[in-house]
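Everything below concerns the one structure shown next.
The values are calculated or read from the model by the stated rules, or taken from the named source; none is laboratory data. A quick note: this is a predicted structure, and the numbers were derived from the prediction, not measured. Reconstructed Cβ throughout: ideal geometry from the backbone, glycine too, with neighbour counts over all protein chains shown. Side chains are part of the model used for accessible areas, which takes the heavy atoms of the whole protein and leaves out ligands, DNA and RNA. Shrake-Rupley method; radii C 1.70, N 1.55, O 1.52, S 1.80 Å.
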Amino acid sequence: MNEMTSGHTVKAFTEELDSINQFVIELGELGLDQLRRAVQTLRDEDTKEAGLVIDRDRELNEIDIRADEEIIRLIAKRQPVAKDLRDILTVQKVITDLERVGDEARKIANLTIHFYDNGKPPPSNEILRDIYDMATFVDDMLNKSLQAFVKVDLKIALDVIEHEKRLFDEFRGSLRRLSTFLMEDSRSVGHVVDIVLALRALERIGGHAKNIGGHVIFLITGKDVRHENLSAIYSEVADLT
Amino acid sequence: MEELVNESGVVAKPLNPEAATEVDMQASYEQHGSGTVGEIYVNDPRMTCRNVNVYYGEKQAIFDVNLDIGKNQVISMIGPSGCGKSTFLRCLNRMNDTIDVCRVTGQIKMDDQDIYDDGLDVVPLRASVGMVFQKPNPFPKSIYDNIAYGPRIHGLSDNARHLDEIVESSLTRAGLWEEVKDRMDQPGTGLSGGQQQRLCIARAIAVSPEVILMDEPCSALDPIATAKIEELIDELRENYTIAIVTHSMQQAARVSQRTAYFHLGKLIEVGETDQIFTNPRHKLTEDYITGRFG
């Protein structure tokens with residue numbers, strides 16, 4: 001249960017809001033786990049486990065659909081307003097982002113199969129290093145974004161959004177480093193392109209975490225900050241921080 | 001304007017319902033006395049209410065309410081039972097004068113006229129500020145006479161033909177003409193509930209009001225009749241100013257441009273309806289409209 005939902009005269013409404021919040025928690029845990037397992041399959045060169053990660057993405061899709069059905073039913077039945085409405089809209093948006101986190105994790109698992117199940121020499125650990133560094137970074141962002149949602153915490157949400165600039169810098173830094181591999185050995189071009197795609201998938205996961213931070217700010221303040229820069233966001237929420 | 005703001009304790013800075021605990025909110029509420037959160041003033045007011053207090057004998061029912069009612073706008077007044085919203089509405093055309101123990105202080109103006117001025121005749125006032133009640137109350141007369149009665153006693157028609165025109169245009173504006181034009185001599189009480197309520201609205205319109213007050217006009221009607229009245233309210237806004245008291249928050253959200261939330265006789269919050277129903281500033285408003293009490 002997130003801290004926004006409590007105390008309706010119609011207790012069933014409170015229970016229904018709690019139940020849709022559970023979808024976020026369930027999907028958040030699964031998305032985070034998918035990210036970790038997908039990256040681990042690369043470390044372990046484990047194509048069998050990568051296949052399981054890919055199969056498991058269906059579970060996330062099913063939760064996404066079930067949550068949508070429940071949300072539509074809830075809106076039709078309860079006609080929510082104010083923070084109840086924001087709570088429901090926030091859950092729907094967070095669910096969408098988390099489902100896409102699952103899609104990006106699946107892409108990384110696909111890469112494991114591509115690298116270690118095609119009979120060709122796999123990339124070196126040195127060239128893979130950026131993936132692990134960036135995975136650690138976005139893991140932290142995603143984890144924090146889920147905490148921000150569960151605790152309805154403005155500070156954590158702002159912290160996640162602040163991380164995005166560093167994420168982008170990390171991404172650009174990795175691209176520069178990978179370009180040196182290309183300059184030193186043009187035969188690495190195939191691996192480098194694949195790794196750039198994996199980094200892009202991780203960068204997208206970080207982007208979804210940032211979106212979740214924005215959704216939490218909307219939940220708390222009613223202000224849509226998705227397309228604003230950091231200083232504008234801070235001035236929007238100045239009276240709450 | 002500045003002085004009024006200070007006197008009435010209007011809170012310039014919105015309270016922060018998310019960051020405050022209930023105890024904090026209660027403290028803020030007490031600290032500002034009858035202070036109202038939100039925009040009590042509008043650029044183009046039809047009616048202005050300043051420091052309005054209402055007493056029933058010793059008991060105070062309305063506390064220091066300041067509120068503008070904008071021209072060609074629908075303002076809805078919501079709040080739990082006994083919060084004073086109907087009492088306040090009835091102040092706007094001095095309907096409370098009919099209650100012996102009721103005393104109203106403060107100032108209510110329509111345009112520049114103080115409606116509580118000692119020399120003011122309440123009969124034309126109640127024509128200018130018409131009222132529609134919860135239960136449809138057609139006169140025990142024909143449909144035609146229900147509408148024609150007001151213009152006749154106020155001397156608004158020059159001749160029978162003019163009166164016919166007023167009756168037809170009033171019924172047309174109330175969306176009832178097509179349904180009743182072939183049975184104008186039949187009793188108004190024979191119409192369905194929804195038709196009776198539209199007849200009452202037509203009756204109010206017939207005396208050329210500027211403001212129409214509606215006290216829960218749909219609470220005795222079925223959903224289709226309610227939808228017709230809501231559609232009508234939206235159309236009437238073009239020519240009239242409307243203040244509506246409703247227990248249905250969805251109705252307030254659907255029909256009004258501004259919403260005022262009353263609680264224990266105080267105007268807690270007023271603002272754009274969109275803002276009130278998506279992001280209310282006061283915790284009491286939030287808790288009421290989300291069904292946490294009331």
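Quick notes
- Enumeration of residues in the stretch B:155-171 that are in a loop (DSSP other than H, G, I, E, B) and out of contact with any helix residue (DSSP H, G or I) (no Cβ under 8 Å at 6 or more places or on another chain): B:GLY155, B:ASP158, B:ASN159
- For the criterion of being part of a helix (DSSP H, G or I) and away from chain B (no Cβ under 14 Å), A:ARG100 passes.
- Counted residues, the stretch A:137-164 - those being within 21 Å of A:SER231 (Cα to Cα) and either in a helix (DSSP H, G or I) or within 15 Å of the chain's Cα centre (by Cα) (or both): 15
- Selection count where residues are of a type outside the set (Asp, Glu), part of a helix (DSSP H, G or I) and open to solvent by 60 Å² or more (accessible area, probe 1.4 Å), scope the stretch A:224-239: 4
- Residue within the stretch A:75-82 that is in contact with a His (Cβ under 8 Å, 6 or more places away or on another chain), assigned to a helix (DSSP H, G or I) and within 14 Å of chain B (Cβ to nearest Cβ) present: no
- One residue from A:LEU30, A:LEU60, A:LEU17, A:LEU42 being within 14 Å of another protein chain (Cβ to nearest Cβ), buried (at least 20 other Cβ atoms within 10 Å of the Cβ) and either part of a helix (DSSP H, G or I) or basic (Lys, Arg) (or both): A:LEU17
- When each of B:ARG203, B:ARG198, B:ARG281 is tested for being buried (at least 20 other Cβ atoms within 10 Å of the Cβ) and in contact with a Pro (Cβ under 6 Å, 6 or more places away or on another chain), the lone residue that passes is B:ARG281.
- Meets criteria (free of Cβ contacts under 8 Å to residues at least 12 places away in the same chain, away from every other protein chain (no Cβ under 14 Å) and farther than 23 Å from A:LYS223 by Cα) for B:ALA243: no
- Meets criteria (surrounded by fewer than 24 Cβ atoms within 10 Å (Cβ to Cβ), within 14 Å of another protein chain (Cβ to nearest Cβ) and of a type in the set (Gly, Ala, Ser)) for B:SER256: no
- Odd one out for A:ILE65 among (1) within 14 Å of another protein chain (Cβ to nearest Cβ); (2) under 24 Å from A:ALA148 (Cα atoms); (3) open to solvent by 80 Å² or more (accessible area, probe 1.4 Å): (1)
Residue-by-condition table, conditions (1) at pLDDT 90 or above; (2) at positive phi; (3) open to solvent by 60 Å² or more (accessible area, probe 1.4 Å):
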{"residue": "A:ASN143", "(1), (2), (3)": "yes, no, no"}
{"residue": "A:GLN147", "(1), (2), (3)": "yes, no, yes"}
{"residue": "A:ASP159", "(1), (2), (3)": "yes, no, no"}
{"residue": "A:ARG187", "(1), (2), (3)": "no, no, yes"}
{"residue": "A:VAL193", "(1), (2), (3)": "yes, no, yes"}
{"residue": "A:VAL196", "(1), (2), (3)": "yes, no, no"}
{"residue": "A:GLU203", "(1), (2), (3)": "yes, no, no"}
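- Any hit, the stretch B:270-287, residues being more than 14 Å from chain A (Cβ to nearest Cβ) and at pLDDT 95 or above: yes
- From the list B:LEU221, B:LEU232, the one residue that fits, being open to solvent by 20 Å² or more (accessible area, probe 1.4 Å) and either at positive phi or touching a Gly at 6+ places or on another chain (Cβ under 8 Å) (or both), is B:LEU221.
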